[in-house]
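**Student:** Dumping the structure here so I can ask a few things about it.
The values are calculated or read from the model by the stated rules, or taken from the named source; none is laboratory data. Model, not experiment: these values are computed from the prediction. Neighbour counts are summed over all protein chains in view; Cβ atoms, including those assigned to glycine, are modelled from backbone coordinates with ideal geometry. When the accessible area is computed, the model is the full protein with side chains, heavy atoms only, and any ligands, DNA or RNA have been set aside. Shrake-Rupley method; radii C 1.70, N 1.55, O 1.52, S 1.80 Å.
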Amino acid sequence: MDFICELDLSIYRAVTEEIASTEVIITEVQLRHIRERHPDIAGDLEGYLREAILHPDYILETDRPHTANVLKYFEVEGRGYQLVLRLKTSADPIGYKNSVITFMTVSRKRWRQYLRNRRILYRNE
């Protein structure tokens, strides 16, 4: 389990008011999944994760409770990315943490589709 960053509650309370921790982690299983299933993501994966979590462009509503769909465009790479983040609430068992579920690139078409069809919970002004 790798520590990524501390969550900015002023941003992520848009998903749920019940966030019970600020620590964000990613498990080795999830890191392996991202590297194997999304090989187009190169470079400092944990740096990209940290930047997307700390400075999201958008956070969208998902079908799953206490889960954020985070969109981030990186100027350096010239690509959009999607991160799915599960937030720990007081209803979760002790030991649970805010955790990255997956991280992948998003085409421009899909990005626009997300913004058109999903409820925007947070927008970076």
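**Student:** Against the definition (more than 25 Å from ILE19 (Cα to Cα) and in contact with a Leu (Cβ under 7 Å, 6 or more places away or on another chain)), how does GLY80 come out, yes or no?
**Tutor:** When the stated conditions are applied, GLY80 passes them.
**Student:** Return the only residue of GLU23, GLU36, GLU46, GLU28 being closer than 16 Å to GLU6 by Cα, of a type outside the set (A, V, I, L, M, F, W, C) and open to solvent by 50 Å² or more (accessible area, probe 1.4 Å).
**Tutor:** Every option except GLU23 fails the conditions.
**Student:** Return only the number of the condition from (1) closer than 23 Å to SER90 by Cβ; (2) in contact with a His (Cβ under 8 Å, 6 or more places away or on another chain) that ILE25 does not satisfy.
**Tutor:** (2)
**Student:** Of the residues in segment 1-53, how many are more than 12 Å from LEU85 (Cα to Cα), small (Gly, Ala, Ser) and in a helix (DSSP H, G or I)?
**Tutor:** 2
**Student:** Which residues, taken from segment 78-106, are open to solvent by less than 70 Å² (accessible area, probe 1.4 Å) and small (Gly, Ala, Ser)?
**Tutor:** Those that are open to solvent by less than 70 Å² (accessible area, probe 1.4 Å) and small (Gly, Ala, Ser): GLY78, GLY80, GLY95, SER99.
**Student:** Also, I was wondering about something else. Within segment 107-115, is there a residue that is outside any helix (DSSP H, G or I) and either open to solvent by 30 Å² or more (accessible area, probe 1.4 Å) or modelled with pLDDT under 95 (or both)?
**Tutor:** Scanning segment 107-115, I find at least one residue that is outside any helix (DSSP H, G or I) and either open to solvent by 30 Å² or more (accessible area, probe 1.4 Å) or modelled with pLDDT under 95 (or both), so the answer is yes.
**Student:** Out of all the residues in segment 60-70, is one or more surrounded by 15 or more Cβ atoms within 10 Å (Cβ to Cβ) and in a helix (DSSP H, G or I)?
**Tutor:** Checking segment 60-70: not a single residue is surrounded by 15 or more Cβ atoms within 10 Å (Cβ to Cβ) and in a helix (DSSP H, G or I).
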